[in-house]
Amino acid sequence: MNCWLVKSEPDTYSWSQLLGDRRTAWTGVRNYAARNHLRAMKSGDPVFFYHSGDEKSVVGLARVAKESYTDPTADDGDWSAVDIAAEKPLARQVTLAQIKADKTLKEMVLAKQSRLSVSPVTREQFERLLKLSETKV
DNA sequence: GCCAACGTTGGC
DNA sequence: GCCAACGTTGGC
């Protein structure tokens, strides 16, 4: 099982919207590296949900509900989407500042490539993030 | 509001 | 195929 992190501007699509929707199609990714991560996702993989912009925090935990398929919102090009389902909010949100201050988490792709909208999370980072967020799976 | 990072485009 | 120019994203 692999772990992931997706990033969104709350104004575009927020964690609270996902909680309301329960599940959503993660479409619109137009970056090859991010697309390849989407394609590597397996059903049931955990996916952290990060708010960029003002919040800059990991706010929730979701899961891959449907593995990659052709992005229906793409007019041209070879793009993919997955479905993700909300699992639970983090008991405590973890800020980017906390991540950068943490020995393990500062190695996250999120911290190193802030523009990549879909990124892998190592097992160690996953456990550490859960611990910092005081969240039990 | 600025700037760094980075991806894309287009001229050569 | 290279690289300069440009646009976008996101943190500060």
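Computed from the coordinates by the stated procedures, all read-outs in this text should not be read as laboratory data. Here the structure is a predicted model, which is why all the values come from computation and not from measurement. Cβ atoms come from the backbone with ideal geometry, glycine included; neighbour counts cover every protein chain shown.
All other residues with a Cβ under 13 Å from the Cβ of A:V118 taken together, and with Lys, Arg as +1 and Asp, Glu as -1, what is their net charge?
Net charge in that neighbourhood comes out at +3.
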Item checked: Expected 222 nm ellipticity per residue - DSSP helices of 4 or more, -39500 (n - 2.57), all of chain A, to 500 -> -6500 deg cm²/dmol
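Compute for region A:3-133: radius of gyration divided by Kirkwood radius, i.e. Rg/Rh, restricted to C-alpha atoms, rounded to two decimals.
Numbers: Rg = 13.7 Å, Rh = 14.6 Å.
My calculation of the ratio gives 0.94.
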Next item on the list: Would you mind ranking A:V109, A:V47, A:V6, A:V137 by Cβ crowding within 10 Å, fewest neighbours first?
Entry: A:V137, A:V109, A:V6, A:V47
Checklist line | Ranking of A:D71, A:D11 by count of other Cβ atoms within 10 Å, fewest first | finding: A:D11, A:D71
Next item on the list: Percent of Cα-Cα pairs per 10 Å bin, from 0 to the last occupied bin, for region A:88-137, please list those.
Entry: 27, 57, 16
Item checked: region A:3-133: Lys pairs at Cα distance under 25 angstrom, eight or more positions apart or on different chains -> 29
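What is chain A's relative contact order, in percent, from Cα pairs under 8 angstrom and six or more apart in sequence? Don't skip to the end; give the middle numbers.
Details: 271 pairs, mean separation 40.3, N = 137.
Computed value for chain A: 29 percent relative contact order.
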Note to self: What whole-number volume per residue, in cubic angstrom, does the convex hull of the C-alpha atoms of region A:1-48 give?
What the structure shows: 85 Å³
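If we count other beta carbons within 10 Å of each Cβ, what is the order of A:Y32, A:Y13, A:Y69, fewest first?
Working: A:Y32 11, A:Y13 17, A:Y69 14.
Placing the least packed residue first, the sequence is A:Y32, A:Y69, A:Y13.
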Checklist line | For A:T135, net neighbour charge (Lys/Arg +1, Asp/Glu -1) across residues whose Cβ lies under 10 Å away | finding: +2
Note to self: Please list, ordered by chain and number, the residues whose modelled amide H lies under 5 Å from the amide H of A:S133; skip anything fewer than 5 residues away on the same chain.
What the structure shows: none
